[in-house]
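Peer 1: Here it is: the structure, laid out below.
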Amino acid sequence: PSMEENAEGFVLTADLMSWFWNHYADTGDRADPLASPLHADSRADLPPAVIVTAEFDPLRDEGEAYADALEAAGVEVHRHRARGHLHTTIHAVGVIISGAPERQAIAEQIRALFARRTAHA
């Protein structure tokens, strides 16, 4: 699993994710769909989504599982896997230069999604 494979050495670590969760929600609330939509009983009414994952990201598998769950519910999903990149690549504008094509591809997917939604409105 990506949380174990990428637990250390890639900016966002398993320990840091634990720290975030401890500050985000009490243990008993973490399965609440409002805190973690992957735990929702139904996703059929959710809007289309662009799900971005990175190869060296502890959250990669969680993102893929969410995309799978949305697709299983019939939700339109566009996936983008940033191969060779970290969780922080998308935000590191001017720092991780190889992230520019990734950001461009994601922006194009989002634009296309909005264009289709607008055309059907």
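Peer 1: Got a number for residues in segment 68-121 being assigned to a loop (DSSP other than H, G, I, E, B) and over 20 Å from Asp57 (Cβ atoms)? Working first, answer last.
Peer 2: Let us first name the residues in segment 68-121 that are assigned to a loop (DSSP other than H, G, I, E, B), namely 73-76, 87-88, 92-96, 120-121.
Going one step further and asking which of them are over 20 Å from Asp57 (Cβ atoms), we end up with 73-76, 94, 120-121.
Selection size over segment 68-121: 7.
Peer 1: I'd like to verify a number: residues in segment 55-84 that are of a type in the set (Phe, Trp, Tyr) and without any contact (Cβ under 8 Å) to a residue 40 or more places away in the chain, how many? Give the steps one after another, and end with the answer.
Peer 2: Going through segment 55-84, the residues of a type in the set (Phe, Trp, Tyr) turn out to be 56, 66.
Now narrow it down to the ones that are without any contact (Cβ under 8 Å) to a residue 40 or more places away in the chain: 66.
Number of matching residues: 1.
Peer 1: Any residue at all in segment 85-104 that is touching a residue at least 24 places away in the same chain (Cβ under 8 Å) and surrounded by fewer than 15 Cβ atoms within 10 Å (Cβ to Cβ)?
Peer 2: No: segment 85-104 contains no residue that is touching a residue at least 24 places away in the same chain (Cβ under 8 Å) and surrounded by fewer than 15 Cβ atoms within 10 Å (Cβ to Cβ).
Peer 1: Looking only at segment 5-31, count every residue that is of a type in the set (Asp, Glu), at pLDDT 95 or above and either part of a loop (DSSP other than H, G, I, E, B) or touching a Leu at 6+ places or on another chain (Cβ under 7 Å) (or both) and tell me the total.
Peer 2: Counting residues in segment 5-31 that are of a type in the set (Asp, Glu), at pLDDT 95 or above and either part of a loop (DSSP other than H, G, I, E, B) or touching a Leu at 6+ places or on another chain (Cβ under 7 Å) (or both) gives 1.
Peer 1: Answer with yes or no whether Glu55 is within 27 Å of Ala25 (Cα to Cα), modelled with pLDDT of 95 or more and assigned to a helix (DSSP H, G or I). Reasoning before the result, please.
Peer 2: Working: within 27 Å of Ala25 (Cα to Cα): yes; modelled with pLDDT of 95 or more: yes; assigned to a helix (DSSP H, G or I): no.
Taking the combined requirement at face value, the residue does not satisfy it.
Peer 1: Any idea how many residues of segment 52-110 are over 18 Å from Ala7 (Cα atoms) and among the acidic types (Asp, Glu)?
Peer 2: The qualifying residues number 5.
Peer 1: If Val50 meets every condition in (1) touching a His at 6+ places or on another chain (Cβ under 9 Å); (2) in a helix (DSSP H, G or I); (3) not small (Gly, Ala, Ser) apart from one, which number is that one?
Peer 2: (2)
Peer 1: To continue, here is another question. Is one or more of the residues making up segment 9-28 under 27 Å from Ile110 (Cα atoms) and more than 17 Å from the chain's Cα centre (by Cα)?
Peer 2: Among the residues of segment 9-28, not one is under 27 Å from Ile110 (Cα atoms) and more than 17 Å from the chain's Cα centre (by Cα), which makes the answer no.
Peer 1: Follow-up. Could you tell me whether segment 58-79 includes any residue that is at negative phi, of a type in the set (Lys, Arg), modelled with pLDDT of 95 or more and in contact with a Gly (Cβ under 9 Å, 6 or more places away or on another chain)? Working first, answer last.
Peer 2: Residues of segment 58-79 at negative phi: 58-73, 75-79.
Checking which are of a type in the set (Lys, Arg) leaves us with 60, 79.
Next, only the ones that are modelled with pLDDT of 95 or more stay: 60, 79.
With in contact with a Gly (Cβ under 9 Å, 6 or more places away or on another chain) added as a condition, the list becomes 79.
Yes: one or more hits.
The values are calculated or read from the model by the stated rules, or taken from the named source; none is laboratory data. In this text the structure is predicted, and so the values were computed from the model without any measurement. Virtual Cβ from ideal backbone geometry, glycine too; neighbours counted across all protein chains shown.
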